[in-house]
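These notes are about the structure you will find just below.
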Amino acid sequence: MPRLFTSVLLSSLLISVTSFATEITLTTSDNFSLKADYYPGENTTQKVNNRAVLMLHQCNYNRTMYNAIGEQLAQRGIHALSLDFRGFGESISEEYNVDVIQKSPQA
């Protein structure tokens with residue numbers, strides 16, 4: 001019985017680690033790199049799948065807040081894109097980093 005429980009537990013962990021997202025980098029006209037996750041809509045019975053959702057995070061978080069929703073949309077045949085705004089998540093630089101800005105003295 002313990003062996004069966006361990007097998008089920010390991011299987012569920014492997015399933016939860018699997019992600020539908022492909023990490024991509026979008027480069028802006030001023031050469032800033034924005035990190036994003038693209039969730040391609042799975043094949044559906046439709047000949048052309050032209051449904052898509054752009055998921056924009058709140059200003060106190062990053063694109064990872066939409067991982068579960070992105071996967072659910074992809075399973076339903078809807079393409080989804082979630083990106084980090086400048087200064088958030090993995091889209092940071094010396095000039096754009098919300099953590100550094102928040103720690104700066106206020107005038």
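None of the figures in this text is laboratory data; all of them are computed from the coordinates on show. Everything quoted here is computed from the prediction, not taken from an experiment. Here the Cβ is made from the backbone with ideal geometry for all residues, glycine too, and neighbour counts use every protein chain on show.
Here are a few things to note about the model shown:
- Fully extended contour minus Cα-Cα distance, from K103 to N60, at 0.36 nm per residue: 14.1 nm
- Mean separation of Cα pairs under 8 Å and 6 or more residues apart, divided by the residue count, gives region 20-103 a relative contact order of 31 percent.
- Using the Cβ-Cβ distance between R76 and S33 with R0 = 41 Å, the FRET efficiency computed as 1/(1 + (r/R0)^6) comes to roughly 0.85.
- Backbone geometry of region 82-98 corresponds, through the Karplus equation with coefficients 6.51, -1.76 and 1.60 at θ = phi - 60°, to 3J(HN,Hα) couplings of 10, 10, 8, 5, 4, x, 10, x, 9, 9, 10, 8, 5, 7, 10, 8, 4 Hz, x marking Gly and Pro.
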